[in-house]
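Engineer: Just dropping this structure here.
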Amino acid sequence: MKQRQVDFLERRSLPDTRHPPEGRPSPSWLTSWLESPDVFLLLYCRPGFEAECTAEIQAKARAQGISGYGKTTLGSGEVRFHADPVSGLARLLSGLEFAELCFSRQWVVAREIPPLLSQDRVSGLIAELGERAVGGFFLETLDTAAGKLLAPLCRQLEPHLRRALEQRGQLRADRPGLPRWHLCFLSSTHVCLGFSDPANAAPWPMGFPRLKRPPRAPSRSGLKLDEAFLSFLSPAELTERLQPGMQAVDLGAAPGGWSWQLTRRGLWVTAIDNGPLAPELLATGRVRHLQVDGFRYRPPRQVDWLVCDIVEQPERIARLMAHWFVQGWCRNAIFNLKLPMRKRYEEVQRCRAIILDQLPPRAYRLRLRHLYHDREEVSGYLSRLEQAPASRS
């Protein structure tokens, strides 16, 4: 079946009258890379969510007064945002934090390069890099069936490309401020080549961490919480905000995948669900199971973490999360919003507004992200910017 083309042609000059946010100065590597007129912003996403990814990046660009359009094909797992003029990409990247995006797994300032010779791909890639030095590189594919077939080729090329870069003195992990080099293989000889700022991009190839379900985990759903911790919290925040002995509440806990992720980090968990929990989870001695309604449960005192994977209308979950913070019942929360089949981007924006409208401005941090282990849903992280001392058992 022929794929539907999804083109968004919104060439508007300054459609938003608000002043764009003051951003970081554009690094020299970005300025020189944008001298090529065929450069675009390449965004990776889950196949099937290209329209949401496109709508989001176009809205962010309009908010900064940047004209442009997104171009994609349904099911491709990628979106290409073309700024008009191309220099608008520098303003977009300097004024926008990657963490603010929900549907983009990664963003790369990229362009397509001429087809590589199959007998010597490394030389062709080095020639395209020129004399630029990089702090690291990712050999990647799109998250599609065709992309998975190219993964062995990327693994095969990686050591040869690394050796060539090291011999030329162009791989300089010791020099802060250098870009990360991305090589996204669309076929065995067709590559999108580009760069990202490691301080303002996802830290993993293809934009997501590779996680495996531990053999004792009650369910695979725990991988969503594991990925959420890694995606929403910096290494320093993971150490500070996930300390052994902290208190957590898990709403919609059965069969226990999220509670298990909390207990393996040393937290004490109150698991709320009318359904049964896995016996091995209860055997840890760190979980108290209450068979009550998650929407009616009230904690006896403030807890460090609230996690919620209740299957319910996203608006109702958004209101529940905001209510917990208004009442002062928790300091941090990770939750899941189950999205409708249509207008998914609009639903995410509506839930964002529901939460923020109930909280004081500039006192909380809210992040929403379509994680790799999410399907027709997105994960959210809500936290107080000023953290009180942890609750201990």
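The values are calculated or read from the model by the stated rules, or taken from the named source; none is laboratory data. Bear in mind that the values here come from a model prediction, so they are computed numbers and not experimental data. For neighbour counting, all protein chains shown are included, and Cβ atoms are generated from backbone atoms with ideal geometry for every residue, glycine included.
Engineer: Pick from ARG375, ARG367: which is at pLDDT below 95, under 21 Å from ASP309 (Cα atoms) and either of a type outside the set (Val, Ile, Thr) or not assigned by TED's automatic domain parsing to the domain that holds GLN106 (or both)?
Structural biologist: Every option except ARG375 fails the conditions.
Engineer: Going through GLY136, GLY147, GLY169, GLY130 one at a time, which residue ends up being modelled with pLDDT under 95 and in the same structural domain as GLU97 (by TED's automatic domain parsing)? Working first, answer last.
Structural biologist: Values: GLY136 fails: modelled with pLDDT under 95; GLY147 fails: modelled with pLDDT under 95; GLY169 fails: modelled with pLDDT under 95.
From the options GLY136, GLY147, GLY169, GLY130, the qualifying one is GLY130.
Engineer: Hey, among the residues in segment 288-316 that are of a type in the set (Val, Ile, Thr) and within 22 Å of PRO276 (Cα to Cα), which one's surrounded by the fewest Cβ atoms within 10 Å (Cβ to Cβ)?
Structural biologist: Applying the filter and picking the extreme gives VAL311.
Engineer: I've got another one for you. Go over the candidates LEU368, LEU356 one by one and state the one that is touching a strand residue (DSSP E or B) at 6+ places or on another chain (Cβ under 9 Å) and surrounded by fewer than 17 Cβ atoms within 10 Å (Cβ to Cβ). Spell out the reasoning first.
Structural biologist: Numbers: LEU368 fails: surrounded by fewer than 17 Cβ atoms within 10 Å (Cβ to Cβ).
After ruling out the rest, the residue left standing is LEU356.
Engineer: Quick one: would you say GLY207 is modelled with pLDDT under 95 and on the phi > 0 side of the Ramachandran plot?
Structural biologist: No, not satisfied.
Engineer: Considering only segment 64-120, state which residues are touching a helix residue (DSSP H, G or I) at 6+ places or on another chain (Cβ under 8 Å), part of a strand (DSSP E or B) and not charged (D, E, K, R).
Structural biologist: GLY68, TYR69, GLY70, THR72, THR73, VAL79, PHE81, ALA83, GLN106, TRP107, VAL109
Engineer: Test each condition in (1) among the charged types (D, E, K, R); (2) buried (at least 20 other Cβ atoms within 10 Å of the Cβ); (3) under 19 Å from ASP38 (Cα atoms) for GLU140 and report the one that comes out false.
Structural biologist: (3)
Engineer: Just to be sure, is SER187 under 23 Å from the mean Cα position of the chain (by Cα) and among the hydroxyl-bearing types (Ser, Thr, Tyr)?
Structural biologist: Numbers: under 23 Å from the mean Cα position of the chain (by Cα): no; among the hydroxyl-bearing types (Ser, Thr, Tyr): yes.
So SER187 does not fit the description; no.
Engineer: Which condition does THR270 not pass, out of (1) crowded, with 23+ Cβ neighbours inside 10 Å; (2) assigned to a strand (DSSP E or B), if it passes all the others?
Structural biologist: (1)
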